[in-house]
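Following: one structure in structure tokens, then a few remarks.
The values are calculated or read from the model by the stated rules, or taken from the named source; none is laboratory data. Quantities reported herein were computed from a predicted structural model and do not represent experimental measurements. Glycine also receives a Cβ, built like all others from the backbone with ideal geometry; neighbour counts cover every protein chain displayed. The protein model used for the area step is the full one, side chains on, heavy atoms only, and it has no ligands, DNA or RNA in it. Shrake-Rupley method; radii C 1.70, N 1.55, O 1.52, S 1.80 Å.
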Amino acid sequence: MKWTYDWLTEYLKTSASPDEIADILTRTGLEVDDVSAPVAPIAARILECRPHENSDHLHVLKVDDGTGNQRQVVCGAPNARAGIVSALAVPGCVVAGHEIQSGKLRGVISDGMMCSERELGLSDNHDGIIELPADTEIGAPVIPAPVVFDAGITPNRPDYLAVRGIARDLAAAGAGEYVAAEIRPLAEKAGARRVRLDTDKCSVYRMAEIRGITMGDSDEKIARRLRAIGINPKNAPIDATNYVCYDMAQPMHCFDADEIHGDIIVRMAAPHEEFTDLFGTRHELTADDMVVCDADGILALAGVVGGARGMTTDKTRNILLESAYFDPVCVRKTAKRAGMSTDASYRYERGINPTMTGPALSAAAEIITAACGGEIVSVVSSGADPVRNICIKYSPDMFRKKMGIEAPADVQRDILRALGYCVTENGAVWDVTPPAARVDVEIADTIIADIARIYGYDRMATAAVHRPCNPVAPHADHALEIKRALAARGLNECRSYGFGCAATEQLLSDHAPVMVANPIVADFNTARGGLLGGLLAAVGANEKRGYPDLSLFEVGTVFDGDMPGMQRTALSIVRTGDASPRHWAGRGRAVDIYDVKADIASLMAGQKYTVATDNPPRWAHPYRFGRIMQGKKVIAEFGELSPVVARQLRIKTRVCAAVVHDIDAIPARHMAKYVPAPEFPPIKRDFAFIVDDATPAANIIAAAMSADRRITDAIVFDAFDMSGGEKSIAFTITIQPDKNMTDGDLMEIQNAVIGAVEKKCGGKIRDK
């Protein structure tokens, strides 16, 4: 989404600079990617003017652009001459929709372009270059360059797709005063054409017919703003629809009224019906596509793109102006199937303000008639604006409970009203109705999020409510007890998405996956039926990055079906790679199924159980598998990952896993202290020193550990006697970074270790 600073200030009375505006927006939830001002034409004095040697009408100019260097420009204006001050568009300037570049004209380098009044958008005069007053400051901009904001809009905030919506948010955040620009809808006025809705996918369709227009350019303010955000102005009617689309987030369309026969009909397409869009692309439609038609056929793909028939041209004299509300899901499916993403579909998909069709029609009609003349001969509509009727019960105390900070009730109320909410206070519980543009607000949690971002996330660190707790007392949460017990055994908790991949689940289990009707991405197309798939994905990702030694577990909800009650809390464990680091006393050991069996056994609290080895699940190795049983009840399954499954998932490391289908079968009563995972991955470095035979290895390890606070561990993995009363000790240190470390940082730690061992133990580094 792009907009200009002057456009914003039309609805926001503010003294904040563009950079301050960008900072406020980013802090309140709209991340501004860029704030820039396009290169503007500048005043330049022509110092020399001579004829072009290869042309009878071009001149070669030497101009002073205010930098102290002369610039050579080729110009064909008849009034170009030495001594005058004119407008120079340097390379990078965009003039009349074209970016100026350095290049050769008839074999002579031209480093810019001298501009006429029409090229600057000041008038229609194109007889020659503009002549500025002689005392104009050389190098100063001739016309103001608009400051352009560029921000990424998240799908849940369609109100940010309107400049007015952004202005309202800024006003609520204290950046200025919101200036409401209410526009009255046009009064109904019957005409020769009517509108008929033959589908419930279009709630309302409004249409105004304007006759007798003289096709021309838009008002300069509108053209300049559109040009600044990357839309090339074409003519007043098309520019009006584009402008309203960004100004009010209401997509619109213009038809040539003389090309339309009969009434306007909105319906679903017939299977295999064909349509040619205004770009000349042919589409074969389906029964799920909504179209706008007349008596002769399709005029537009509703909410996506107009058609070749009925499009406005420079010869158009009578137009039909459309403003409608189309179903977001229907538009999304059509745009995705057609492979098109237009400004209109982008807004319809996310949900537009359902009350804006009337004001938008009025605003666009006013812009068109002001620029092109004409008369509004009819205003007709069919259907009605959809009504959401959402009233949310909200208590100010909910904010403290959710966010952990105190915010006065009157502050919360004022924030909501500034954002356009209707708040009715009924004692401790309020009735809160979201503004029409906020189609994303349906629950109280969204209200809390709105208050929090305006109140200020930066205020929360100092205002947090800290409640006393007893770290020794056992927790009533059974899942948390299990997590603590597994953490005490050295496993790390993994948290994955609640969605799964159907292909992976069918590879791991015989159960039919619970499919998601409209998945966010193709790989998350099920409500997960187990946790093992997510853990194996983590194993594969870590293995690719050089971390094959893992001990992970996850406790979470899995789904057996799509009905209430068909979910349970499961546990999965995976161990991969080596079970222990290298050590001088013996070789490292790879993990095996007895490691994960021991993990499950540790949770059994001394209860008796038996182990069966029949009927392994699809994910397990057929001969390296066990099932923990109590009578006929299955408590857990453990085993090595099947080589077939490992190959399909592209995992090369041996993986041993355990699965508990329902944690209620585990009577865990263990306690463990939670240690948050480090932000940066650990780094290991090996050292080998030659020391006196009488020097204990423990002294060497202590010296190495004391070299730097970021060294968290040191383990001896090799030791042997050498001749002459000396021995060799080799050990590995583990460095836990607290920032992104460079090679220089690591070298500094290595040198510190060497220095500490040499000084405290008299050792010397082995060089071979």
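Is it true that some residue in region 191-204 is within 18 Å of G306 (Cβ to Cβ) and either assigned to a strand (DSSP E or B) or in contact with a Pro (Cβ under 7 Å, 6 or more places away or on another chain) (or both)?
yes
Could you give me the residue pairs with C-beta distances under 6 Å whose first residue belongs to region 737-758 and is closer than 11 Å to I711 by Cα, whose second residue is surrounded by fewer than 15 Cβ atoms within 10 Å (Cβ to Cβ) wherever it lies, and which are 6+ apart or on separate chains?
Qualifying pairs under 6 Å: P737/F680.
What pairs come up if the first residue lies in region 403-419 and is in contact (Cβ under 8 Å) with a residue 12 or more places away in the chain, the second is crowded, with 16+ Cβ neighbours inside 10 Å and assigned to a loop (DSSP other than H, G, I, E, B), and their beta carbons are under 6 Å apart, counting only those six or more places apart or on different chains?
A409/P396; Q412/P396
Quick check on this structure: which one of R106, R81 is open to solvent by 50 Å² or more (accessible area, probe 1.4 Å), touching a residue at least 24 places away in the same chain (Cβ under 8 Å) and on the phi < 0 side of the Ramachandran plot?
Values: R106 fails: on the phi < 0 side of the Ramachandran plot.
None of the others qualify; the one that does is R81.
Being touching a strand residue (DSSP E or B) at 6+ places or on another chain (Cβ under 6 Å) and of a type in the set (G, A, S) is the filter; apply it to region 243-286 and report the residue that is most open to solvent (accessible area, probe 1.4 Å).
Ranking the qualifying residues of region 243-286, first place goes to G262.
Which one of D549, D510, D477, D562 is open to solvent by 20 Å² or more (accessible area, probe 1.4 Å) and closer than 18 Å to E637 by Cα? Don't jump to the end; show me each part of the working.
Values: D549 fails: closer than 18 Å to E637 by Cα; D477 fails: closer than 18 Å to E637 by Cα; D562 fails: closer than 18 Å to E637 by Cα.
After applying the criteria, what remains is D510.
Answer yes if at least one residue in region 367-382 is of a type outside the set (D, E, K, R), over 26 Å from A167 (Cα atoms), in contact with a helix residue (DSSP H, G or I) (Cβ under 9 Å, 6 or more places away or on another chain) and open to solvent by less than 20 Å² (accessible area, probe 1.4 Å), and no otherwise.
yes
Give the residue that is surrounded by the most Cβ atoms within 10 Å (Cβ to Cβ), with candidates limited to residues of region 573-617 that are over 25 Å from K633 (Cα atoms) and more than 47 Å from the chain's Cα centre (by Cα).
Among them, the one singled out is W584.
Within region 695-721, work out how many residues are part of a strand (DSSP E or B) and open to solvent by 70 Å² or more (accessible area, probe 1.4 Å). Walk me through how you get there before you give the answer.
Of the residues in region 695-721, the ones part of a strand (DSSP E or B) are 711-721.
From the residues that got through so far, the ones that are open to solvent by 70 Å² or more (accessible area, probe 1.4 Å) too are 712, 720-721.
Here the count works out to 3.
Among the residues of region 153-164, is there at least one that is touching a residue at least 60 places away in the same chain (Cβ under 8 Å), open to solvent by less than 20 Å² (accessible area, probe 1.4 Å), outside any loop (DSSP other than H, G, I, E, B) and of a type in the set (D, E, K, R)?
yes
For G639, are the conditions met, namely being modelled with pLDDT under 85 and open to solvent by less than 60 Å² (accessible area, probe 1.4 Å)? Don't jump to the end; show me each part of the working.
Details: modelled with pLDDT under 85: no; open to solvent by less than 60 Å² (accessible area, probe 1.4 Å): yes.
No; evaluated as a whole, the condition is false for this residue.
Hey, among L47, L61, which residue is out of contact with any helix residue (DSSP H, G or I) (no Cβ under 8 Å at 6 or more places or on another chain), in a strand (DSSP E or B) and open to solvent by 50 Å² or more (accessible area, probe 1.4 Å)? Explain how you work it out, then say what you get.
Working: L61 fails: open to solvent by 50 Å² or more (accessible area, probe 1.4 Å).
Result of the check over L47, L61: L47.
Are any residues in region 579-598 in contact with a Lys or Arg (Cβ under 7 Å, 6 or more places away or on another chain) and more than 22 Å from P622 (Cβ to Cβ), and if so, which ones?
First pass over region 579-598, keeping only residues in contact with a Lys or Arg (Cβ under 7 Å, 6 or more places away or on another chain): 579-580, 588, 590-591, 593, 595-596.
Within region 579-598, A579, S580, G588 meet the criteria.
If I go through region 17-34 residue by residue, how many of them are over 25 Å from A96 (Cβ atoms) and assigned to a strand (DSSP E or B)? Outline the logic, then answer.
Here is the first cut: in region 17-34, the ones over 25 Å from A96 (Cβ atoms) are 17-33.
Keeping just the survivors that are assigned to a strand (DSSP E or B) gives 32-33.
So the answer is 2.
Suppose we keep only residues that are under 41 Å from the mean Cα position of the chain (by Cα) and either of a type in the set (D, E, K, R) or within 30 Å of D288 (Cβ to Cβ) (or both) within region 178-196. Which one would you say is least open to solvent (accessible area, probe 1.4 Å)?
We begin by selecting, within region 178-196, every residue under 41 Å from the mean Cα position of the chain (by Cα); these are 178-187, 195-196.
Within this subset, residues satisfying the condition of being either of a type in the set (D, E, K, R) or within 30 Å of D288 (Cβ to Cβ) (or both) are 182, 184, 195-196.
On the way: E182: 158, R184: 206, V195: 21, R196: 115 Å².
The extreme case among them is V195.
Restricting attention to region 336-362, report how many residues are surrounded by fewer than 22 Cβ atoms within 10 Å (Cβ to Cβ) and among the hydrophobic types (A, V, I, L, M, F, W, C).
Residues flagged as surrounded by fewer than 22 Cβ atoms within 10 Å (Cβ to Cβ) and among the hydrophobic types (A, V, I, L, M, F, W, C) within region 336-362 amount to 2.
Which ranges mark the strands (runs of 3 or more DSSP E) fully within region 229-301 that have 2 or more residues being without any contact (Cβ under 8 Å) to a residue 24 or more places away in the chain?
On the way: elements: 252-256, 264-268, 274-276, 282-284, 290-294, 297-301.
Because the criterion is at least 2 residues that are without any contact (Cβ under 8 Å) to a residue 24 or more places away in the chain, the strands (runs of 3 or more DSSP E) in region 229-301 that meet it are 282-284.
Identify, please: which residue in region 523-577 is acidic (D, E) and not in a loop (DSSP other than H, G, I, E, B) and is, among those, modelled with the lowest pLDDT?
Looking only at region 523-577, we keep the residues that are acidic (D, E), and these are 523, 543, 549, 554, 560, 562.
The next check asks that each one be not in a loop (DSSP other than H, G, I, E, B); those that pass are 543, 554.
Details: E543: 91, E554: 95.
Filtering region 523-577 for residues that are acidic (D, E) and not in a loop (DSSP other than H, G, I, E, B), the one modelled with the lowest pLDDT comes out as E543.
Considering only residues that are in contact (Cβ under 8 Å) with a residue 24 or more places away in the chain and open to solvent by 30 Å² or more (accessible area, probe 1.4 Å), which ones fall in region 531-544?
Looking only at region 531-544, we keep the residues that are in contact (Cβ under 8 Å) with a residue 24 or more places away in the chain, and these are 531-540, 543.
Correct list: A537, E543.
Can you tell me how many residues in region 225-242 are surrounded by fewer than 24 Cβ atoms within 10 Å (Cβ to Cβ) and among the basic types (K, R)?
Result for region 225-242: 2.
For the structure I just gave you, tell me whether R650 is closer than 25 Å to L532 by Cα and either surrounded by fewer than 17 Cβ atoms within 10 Å (Cβ to Cβ) or over 42 Å from the mean Cα position of the chain (by Cα) (or both). Outline the logic, then answer.
Values: closer than 25 Å to L532 by Cα: yes; either surrounded by fewer than 17 Cβ atoms within 10 Å (Cβ to Cβ) or over 42 Å from the mean Cα position of the chain (by Cα) (or both): yes.
When the stated conditions are applied, R650 passes them.
Tell me, yes or no, whether region 752-766 has at least one residue that is loosely packed, with under 15 Cβ neighbours inside 10 Å, modelled with pLDDT under 90 and out of contact with any helix residue (DSSP H, G or I) (no Cβ under 6 Å at 6 or more places or on another chain).
Checked region 752-766: at least one residue is loosely packed, with under 15 Cβ neighbours inside 10 Å, modelled with pLDDT under 90 and out of contact with any helix residue (DSSP H, G or I) (no Cβ under 6 Å at 6 or more places or on another chain).
Residues D599, D578: which one is acidic (D, E) and touching a residue at least 40 places away in the same chain (Cβ under 8 Å)?
On the way: D578 fails: touching a residue at least 40 places away in the same chain (Cβ under 8 Å).
The conditions single out D599.
Output the number of residues of region 653-662 satisfying the condition of being surrounded by fewer than 20 Cβ atoms within 10 Å (Cβ to Cβ) and under 24 Å from F559 (Cα atoms).
Final tally of qualifying residues: 2.
Residues T199, T214: which one is in contact (Cβ under 8 Å) with a residue 12 or more places away in the chain, of a type outside the set (A, V, I, L, M) and open to solvent by 40 Å² or more (accessible area, probe 1.4 Å)? Spell out the reasoning first.
Values: T199 fails: open to solvent by 40 Å² or more (accessible area, probe 1.4 Å).
Among T199, T214, only T214 is in contact (Cβ under 8 Å) with a residue 12 or more places away in the chain, of a type outside the set (A, V, I, L, M) and open to solvent by 40 Å² or more (accessible area, probe 1.4 Å).
Scanning region 722-744 for residues that are open to solvent by less than 30 Å² (accessible area, probe 1.4 Å) and not aromatic (F, W, Y), which turns out farthest from G588 (Cα to Cα)?
To start, the set of residues in region 722-744 that are open to solvent by less than 30 Å² (accessible area, probe 1.4 Å) comprises 728-735, 737.
Checking which are not aromatic (F, W, Y) leaves us with 728-730, 732-735, 737.
Numbers: S728: 20, I729: 17, A730: 15, T732: 13, I733: 16, T734: 17, I735: 20, P737: 25 Å.
Filtering first and then ranking leaves P737.
Can you pull out the residues in region 13-31 that are open to solvent by less than 30 Å² (accessible area, probe 1.4 Å) and more than 12 Å from F149 (Cβ to Cβ)?
Scanning region 13-31 gives A16, T28.
If D314 satisfies all but one of (1) among the acidic types (D, E); (2) modelled with pLDDT under 95; (3) under 17 Å from R267 (Cα atoms), what's the number of the condition it fails?
Result: D314 passes all but (3).
Under 22 Å from V204 (Cα atoms) and surrounded by fewer than 21 Cβ atoms within 10 Å (Cβ to Cβ) - does that describe any residue in region 393-402?
So the first thing to find is which residues in region 393-402 are under 22 Å from V204 (Cα atoms), and the list is none.
Looking through region 393-402, none of the residues is under 22 Å from V204 (Cα atoms) and surrounded by fewer than 21 Cβ atoms within 10 Å (Cβ to Cβ).
Read through the list (1) under 21 Å from P386 (Cα atoms); (2) charged (D, E, K, R); (3) not in a strand (DSSP E or B), then give the number of the only condition that D314 fails.
Failed condition: (1).
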